[in-house]
Amino acid sequence: MNMRNIWFIMKREFNGYFATPVAYVFIIIFLLLAGFSTFYVGNFFARGEADLYPFFSMHPWLYVLLIPAISMRLWAEERKSGSIELLMTLPISVFEAVIGKFLAAWAFTGLALILNFPLWITVNYLGNPDNGVIFTGFLGSLLMAGGFLAIGSCISATTKNQVIAFVISLVVSLVFVLAGFGIVLDFFSSWAPQTLVNAISSFSFLTHFDAISKGVIDMRDMLYFAALITIWLFANALIVYARKAD
Amino acid sequence: MTSAIEINDLAKHFGEIKAVDGINFSVKKGEVLGFLGPNGAGKSTTMKMITGFLTPTQGSVSVCGYNVLEKPIAAKASIGYLPEGAPAYADMTPDSFLKFIADIRGFSGKAKKDAVISAAERARVMEVMFQPIETLSKGYKRRVGLAQAILHNPPVLIMDEPTDGLDPNQKYEVRTLINEMAQDKAIIISTHILEEVHALCTRNVVISRGKVEFDGTPFELEAMSRYHNAVVLTVNSIDNSALAKFVGNLDFVAETEVLSSGQGIRVFPKDGKHITINLSEKIREQGWEIASLYAENGRLDEVFRAITTKNTAGAK
C-alpha cells in the first residue's frame with residue numbers, strides 16, 4: 001500500500017468535486033437541510049438546552065438522502081467515461097484507488113460538516129454547552145458518514161449509471177438506518193426471538209450513532225463503523241478488480 | 001531478456017466467445033509493431049491484457065521481464081498506454097491531468113514540472129494546457145492521451161488506434177512523434193488504417209477472429225499480394241489484346257489482364273519475381289515503342305482482406 005498514491009488519488013478526486021457546481025450545490029443544500037431540521041424538526045430552541053443533539057440526531061436521515069449523491073460518481077463515472085481503463089493501468093493497486101477515492105469523498109463530507117460551525121458558535125453564544133460532547137458528536141457523525149460513503153462507493157462500482165448508483169445506495173442506506181428504528185424492531189419483536197431482534201438492532205446506524213451523538217464514546221460503536229467501512233470498501237475493491245472492464 | 005514484450009499463448013474468452021484465442025508474439029526494443037485486424041478481431045482485448053486491464057483466460061504476458069499478472073505494478077510502471085478513444089478526466093485541464101499522471105508515475109518537484117512540459121510539447125498540447133479537457137476537439141483530446149502515455153518516457157508504448165479520427169495533418173504529427181520515439185522503445189500500435197503500415201511500422205501482426213494470421217515485415221506483407229511486382233505496361237505500336245497475348249506466352253509471365261481503363265495491360269510475374277527488365281527487353285526485341293512501364297507494389301487492402309476473411313469462407 002503506497003500512501004503517496006492514495007494521497008494523489010484522493011487529491012484528484014477531491015478537486016473533482018469542485019470542478020463542477022455539484023460541490024457547491026451539495027454544501028448549500030446540506031447546510032440548509034441541517035439548519036432546517038435542527039430548528040424545526042429538532043426544536044433546537046424549544047428544548048431550552050445548550051447542546052447540538054437536535055442537530056446530530058437528524059444526521060442519519062440527512063445522510064441517507066445526501067451521501068449517495070456524493071458517492072454515486074466515485075466509480076460509476078470512471079466506468080461511464082472509460083477513464084477506469086486509464087486509472088487501472090497506472091502503476092497503482094486497486095486498494096489504493098478505492099481508499100483514495102473513499103477518503104476524498106469522506107474529506108468532502110467532513111468539510112460540509114465543519115461548515116455547520118455557525119451552529120456551534122450559536123449554541124456557545126446562547127449558553128454553556130459541553131463542547132466535549134459536541135466534538136464527540138462531530139466525530140460520530142463523521143464516522144457514520146464514512147459508513148454511508150463506503151456503502152455508496154461499493155454500489156457505485158457496480159454500475160455505469162450514476163442514477164442507479166444513487167437510488168440503490170439510498171435504499172441500502174435506509175435499510176441500515178431503519179434496522180434500529182422502533183417500528184421495525186417492534187415488527188420483529190412480536191414474533192422473532194430477542195437475540196434476532198438484538199442482532200438486527202445492532203446492525204443499525206441509529207443504535208450506534210445515538211450514543212456517540214450524546215457524547216458517549218463506546219469502543220464497540222467505533223469498531224462497528226470501522227468494521228462497516230472496512231467490509232464495504234473491501235467488497236468495493238473486489239468488485240472493481242473483478243469487473244473493471246465490464 | 002531480449003524482448004520488451006513477450007506474449008505466450010494468450011487467450012481471453014467472454015463466455016462462449018473467444019475474443020482472443022491463443023496468440024503468441026514478441027516485440028523488441030526499436031520495433032514498431034503494427035497490430036492490424038478488422039473491428040472485433042481482438043486487437044483491443046489483446047492490448048488490454050498486455051496493459052493489465054483485463055485478466056487473461058489463459059497464457060501470459062511479460063513486459064520488460066515482469067509478468068503482468070504476478071508483478072502488475074512493475075509491469076505497468078514500464079508501460080505507457082493510450083486506451084482506445086483516449087479516455088481522460090473530462091473536467092480536468094491537460095495541465096492538472098498531466099500533473100496527476102506525473103504524481104502517480106513518481107515524479108516530484110522540478111522533474112515533475114519538466115516531465116509535464118516535455119510530454120505536452122512533444123504531443124503538441126501546450127496551447128490548450130488550461131482549458132478543460134471536455135471542451136477540447138477530438139484531435140487535442142487524443143494528443144492529451146498521447147502526452148499522458150509518453151510522460152514517463154516508458155520503454156514500452158502501447159497505443160490503441162492513436163490516429164483514429166484525426167485529420168491528415170494531425171495524423172502526420174502523431175506519426176512523426178511515434179517515429180521520433182521509435183528507436184529506444186518497443187511500440188505496439190493498433191490500427192486499421194493501412195497507410196500506417198508503411199508510415200510507422202517495422203513489423204506487422206495481423207489478427208483475425210482472435211488468432212494471429214500474419215507476423216512479418218510490411219514488405220513481406222505486401223509481397224503476399226497478387227499485385228506485388230506486377231507490371232503495368234502500355235505500348236503504342238500494338239493494341240492491348242494482341243500485346244496481352246504476346247506477353248502471356250513469355251516464360252516468366254504467369255498471367256496478363258487488359259486494364260479496364262483501356263490504358264495498357266497488367267502483367268503478373270511467375271513467383272512474384274522482378275520482371276521489368278526482362279519484359280522491356282522482350283518488347284524492344286519486337287521493335288515496339290514502350291509508352292510506360294512500371295512495377296506495382298503489393299496492395300495492402302487486398303492482402304488484408306485475403307488474410308482476414310480466409311477463415312470465413314470455410315466456416316459454416
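The values are calculated or read from the model by the stated rules, or taken from the named source; none is laboratory data. In this text the structure is predicted, and so the values were computed from the model without any measurement. When we count neighbours, we look across all protein chains shown, and the Cβ atoms used for this are built from the backbone with ideal geometry, even at glycine.
Data table
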{"quantity": "Which numbered condition B:GLU127 misses (of (1) among the charged types (D, E, K, R); (2) over 30 Å from B:GLU6 (Cα atoms); (3) crowded, with 18+ Cβ neighbours inside 10 Å)", "calculated": "(3)"}
{"quantity": "Check on B:PHE107, farther than 22 Å from B:ILE5 by Cβ and either outside any helix (DSSP H, G or I) or in contact with a Leu (Cβ under 6 Å, 6 or more places away or on another chain) (or both)", "calculated": "yes"}
{"quantity": "Matching option when the condition is under 16 Å from A:LEU115 (Cα atoms) and touching a helix residue (DSSP H, G or I) at 6+ places or on another chain (Cβ under 9 Å), among A:PHE30, A:PHE44, A:PHE39", "calculated": "A:PHE30"}
{"quantity": "Test set (1) under 22 Å from B:GLN183 (Cβ atoms); (2) facing chain A (nearest Cβ under 10 Å); (3) surrounded by fewer than 19 Cβ atoms within 10 Å (Cβ to Cβ) - B:HIS152 fails condition number", "calculated": "(3)"}
{"quantity": "In the range B:26-41, the residues that are at negative phi and touching a residue at least 60 places away in the same chain (Cβ under 8 Å)", "calculated": "B:VAL27, B:LYS28, B:LYS29, B:GLU31, B:VAL32, B:LEU33, B:GLY34, B:PHE35, B:LEU36, B:PRO38, B:ASN39, B:ALA41"}
{"quantity": "Any hit, the range B:36-48, residues being within 14 Å of chain A (Cβ to nearest Cβ), closer than 30 Å to B:ASP215 by Cα and over 18 Å from the mean Cα position of the chain (by Cα)", "calculated": "no"}
{"quantity": "Check on B:GLU84, in contact with a strand residue (DSSP E or B) (Cβ under 7 Å, 6 or more places away or on another chain) and within 9 Å of chain A (Cβ to nearest Cβ)", "calculated": "yes"}
{"quantity": "Test: residue in the range B:79-91 that is touching a His at 6+ places or on another chain (Cβ under 9 Å), more than 15 Å from A:VAL94 (Cα to Cα) and surrounded by 20 or more Cβ atoms within 10 Å (Cβ to Cβ)", "calculated": "yes"}
{"quantity": "Selected residue (only one of B:VAL116, B:VAL156 is within 26 Å of B:LYS48 (Cα to Cα) and under 21 Å from the mean Cα position of the chain (by Cα))", "calculated": "B:VAL156"}
{"quantity": "Pick from the range B:1-17, criterion among the small types (Gly, Ala, Ser) and more than 23 Å from A:ASP246 (Cα to Cα), ranking: modelled with the highest pLDDT", "calculated": "B:ALA4"}
{"quantity": "Evaluation of B:VAL174 against (1) β-branched (Val, Ile, Thr); (2) surrounded by fewer than 23 Cβ atoms within 10 Å (Cβ to Cβ); (3) assigned to a helix (DSSP H, G or I); (4) in contact with a helix residue (DSSP H, G or I) (Cβ under 9 Å, 6 or more places away or on another chain) (one fails), failing number", "calculated": "(2)"}
{"quantity": "Of all residues making up the range A:1-43, the number that are at the interface with chain B (Cβ under 10 Å from one of its Cβ atoms), at pLDDT below 90 and under 17 Å from A:ILE92 (Cβ atoms)", "calculated": "1"}
{"quantity": "Search result, residues across the range A:120-141 that are under 26 Å from A:LEU233 (Cβ atoms) and surrounded by fewer than 19 Cβ atoms within 10 Å (Cβ to Cβ)", "calculated": "A:PHE135, A:LEU139"}
{"quantity": "Index of the failed condition, A:PHE117 passing every other in (1) more than 10 Å from every other protein chain (Cβ to nearest Cβ); (2) more than 20 Å from B:GLY52 (Cα to Cα); (3) surrounded by 17 or more Cβ atoms within 10 Å (Cβ to Cβ); (4) modelled with pLDDT under 95", "calculated": "(3)"}
{"quantity": "Residue in the range A:41-49 that is at negative phi and assigned to a helix (DSSP H, G or I) present", "calculated": "yes"}
{"quantity": "Among (1) more than 18 Å from A:GLU85 (Cα to Cα); (2) part of a loop (DSSP other than H, G, I, E, B) - the single one B:GLU84 does not satisfy", "calculated": "(1)"}
{"quantity": "Among (1) surrounded by fewer than 16 Cβ atoms within 10 Å (Cβ to Cβ); (2) within 14 Å of chain A (Cβ to nearest Cβ), the one test that B:GLN183 misses", "calculated": "(2)"}
{"quantity": "Filter result (more than 7 Å from chain A (Cβ to nearest Cβ) and assigned to a helix (DSSP H, G or I)) within the range B:72-81", "calculated": "B:PRO72, B:ALA74, B:ALA75"}
{"quantity": "Top-ranked residue of the range A:88-112 - restricted to ones that are free of Cβ contacts under 8 Å to residues at least 60 places away in the same chain and in a helix (DSSP H, G or I), ranked as surrounded by the fewest Cβ atoms within 10 Å (Cβ to Cβ)", "calculated": "A:GLY110"}
{"quantity": "Criterion (within 9 Å of chain A (Cβ to nearest Cβ) and either out of contact with any helix residue (DSSP H, G or I) (no Cβ under 6 Å at 6 or more places or on another chain) or farther than 30 Å from B:PRO38 by Cα (or both)) met by exactly one of B:SER96, B:SER118", "calculated": "B:SER96"}
{"quantity": "Looking only at the range A:194-219, and only at residues there that are closer than 21 Å to A:SER173 by Cβ and not hydrophobic (A, V, I, L, M, F, W, C), the one that is surrounded by the most Cβ atoms within 10 Å (Cβ to Cβ)", "calculated": "A:SER213"}
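Here is a yes/no grid of residues against (1) of a type outside the set (Asp, Glu); (2) within 14 Å of chain B (Cβ to nearest Cβ); (3) within 30 Å of B:SER78 (Cβ to Cβ):
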site	(1), (2), (3)
A:PHE45	yes, no, no
A:PHE55	yes, no, no
A:LEU65	yes, no, no
A:ALA69	yes, no, no
A:LYS80	yes, yes, yes
A:SER93	yes, yes, yes
A:VAL98	yes, no, yes
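Per-residue answers, yes or no, for (1) in contact with a helix residue (DSSP H, G or I) (Cβ under 9 Å, 6 or more places away or on another chain); (2) within 26 Å of B:ALA149 (Cβ to Cβ); (3) assigned to a strand (DSSP E or B); (4) not polar (S, T, N, Q):
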| site | (1), (2), (3), (4) |
| --- | --- |
| B:ALA182 | yes, yes, no, yes |
| B:GLU196 | yes, yes, no, yes |
| B:VAL212 | no, yes, yes, yes |
| B:ARG226 | yes, no, no, yes |
